[in-house]
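Below is one structure; the comments refer to it alone.
Just so it is clear, none of the values below were taken in a lab; they were calculated from the coordinates. Note that the structure is a prediction, hence the values are computed from the model and not measured. A quick note on method: Cβ atoms are made from the backbone with ideal geometry, for glycine too, and the neighbour counts reach across all protein chains shown.
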Amino acid sequence: MTKKIMIVLIVGILSGLYLLPESVYENTGLMLDIGLCALLFFVGIDIGNNKSALKNLKTVGFKILIVPAATVIGSLVGGIICSIIFKMDVFASLAIASGLSWYTLSAIIITPISSELGAIAFLSNVFRELMAFICIPFIAKHIGYLETIAAGAAISMDTGLPIITKNTNDEVVIISFISGIILSLSVTALVPLFVGFINVL
């Protein structure tokens, strides 16, 4: 699965560089939305077809919040460590880390404060998403199913969901979707919060 993703990504990059006309770029957003909706539709069919996974999920209860909470905490700790390594402002680093792979939103919020930080936020969250695509099969096989959710963070409800579906089970897929929603909402709160502290400094 990882090889297929990398091949498709490379083919897409080469197509964008050398093959496709400029007029195609005007509709890429629409095509992405259609493709993503189709993926989520078929994942939804798989989830709905597995009644036992939905019943088992009811027994989990509030434990389902542990996965997104641990993901947020781990990401923020990583942000603090990066601020020390790269000698940057800790709140700026936390704002970037709290993007949780939602690169478009985090970059848009941070850029008015600093275009440099906005670019870093965009690239670091893009790289997190790409690394998640590459690492999820390995994580599922050698570490654990729930850990695949943390790797992609906010993308675990959309673009990351198909690869999580491929490498885990239906119960984890449901947890992944719910965690992705919670993590996406967290981005809308955490990034502006830390950006606010950058303003003060």
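Tabulated values for the structure
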| read-out | value |
| --- | --- |
| Protection-proxy order for peptides 91-101, 77-87, 144-154, 128-138, each taking the mean of Cβ atoms within 10 Å per residue, highest first | 91-101, 144-154, 128-138, 77-87 |
| Added length on full extension, which subtracts the Cα-Cα distance from 0.36 nm per residue, Thr111 to Cys37 | 23.7 nm |
| Pairs of Cα atoms farther than 14 Å apart, region 123-201, % | 60 |
